[in-house]
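Some notes on the structure that comes next.
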């Protein structure tokens, strides 16, 4: 099947679907230019690379800094350049165009706020792994998260010699422990009321539409955390013969033989693929 026929089929499936579940991973943001390695990383973090030998933003986040002042010097810039400065990426805006007027819900492991910036309905979003724009108690002493934009921008402006001023280091207002970025990196990840409400809306959506003509659109999802999106999407497709599974990915994925007839693979540049479907 040539690309035009494949893209046309996907568009027809979107228009005919009674429900659409979108699953998005880091590949979708990378297609928007929010890359964690290569020229962008080297440009934004050349000083940190020289001092610490960082290879990319992801691994840099696990570096054992000697102090919280150093930790937040790096993390404030990481958050600033991946959460606050980027505009809504083209792939997100094109995807929203494709979904206009449909019955959709989004589950994502991304933490960069791109869906919200693009204008997706916040009541139809479940971002399972946290949000760069939030802080939490590092010991999870209470289930509440805190906006960090003002603080992060102060850290970026006031840092010097790879350190922020000590008075900017955030601490939990309840127990006094250091605060951490709201990311699922250990057993202390906080699932606050907003997280649970979004999870409930997502699970309700799946239950209400499980036997309908449902379309699972997977964009930029790899194998770091396949149990959150990829494997459930495959399982739910297998359980419903009316369902279709469509993945957008730079790489060719291995599809179980049992799902081949229900799957459309859109391997290639995600931004170009979504744009091509929009412009049919």
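When residue 245 is tested against (1) touching a residue at least 40 places away in the same chain (Cβ under 8 Å); (2) touching a helix residue (DSSP H, G or I) at 6+ places or on another chain (Cβ under 6 Å), only condition (1) is not met. Note on segment 195-230: among residues that are part of a helix (DSSP H, G or I) and within 17 Å of the chain's Cα centre (by Cα), the one that is surrounded by the fewest Cβ atoms within 10 Å (Cβ to Cβ) is 199. The sole residue among 58, 81, 74 that is assigned to a helix (DSSP H, G or I) and either in contact with a strand residue (DSSP E or B) (Cβ under 7 Å, 6 or more places away or on another chain) or touching a residue at least 60 places away in the same chain (Cβ under 8 Å) (or both) is 74. One residue stands out among those in segment 141-181 that are over 18 Å from residue 194 (Cβ atoms) and part of a strand (DSSP E or B): the one that is farthest from the chain's Cα centre (by Cα), which is 160.
In summary, helices (runs of 4 or more DSSP H) completely within segment 9-54 and bearing 1 or more residues that are in the same structural domain as residue 261 (by TED's automatic domain parsing) occur at 26-30.
Identify, please: which residue in segment 234-265 is under 12 Å from residue 217 (Cβ atoms) and outside any strand (DSSP E or B) and is, among those, nearest to the chain's Cα centre (by Cα)? Here the answer is 237. Taken over segment 98-127, the residue count meeting the criterion of being touching a residue at least 40 places away in the same chain (Cβ under 8 Å) and closer than 16 Å to residue 204 by Cα is 10.
Among the residues of segment 61-71, the ones that are assigned to a helix (DSSP H, G or I) and touching a residue at least 24 places away in the same chain (Cβ under 8 Å) come to 3 in all. In segment 101-140, how many are part of a loop (DSSP other than H, G, I, E, B), touching a helix residue (DSSP H, G or I) at 6+ places or on another chain (Cβ under 7 Å) and surrounded by fewer than 17 Cβ atoms within 10 Å (Cβ to Cβ)? Total meeting the criteria: 2. If you check 180, 243, 198 for being over 21 Å from residue 112 (Cα atoms) and at pLDDT 95 or above, only one passes: 243.
Here is the figure for segment 138-170: residues that are over 22 Å from residue 63 (Cβ atoms) and in contact with a strand residue (DSSP E or B) (Cβ under 8 Å, 6 or more places away or on another chain) total 5.
The values are calculated or read from the model by the stated rules, or taken from the named source; none is laboratory data. Remember, it's a predicted structure, so these values are computed and weren't measured experimentally. Using ideal geometry, Cβ is built from the backbone for each residue, glycine included, and neighbour counts are taken over all protein chains shown.
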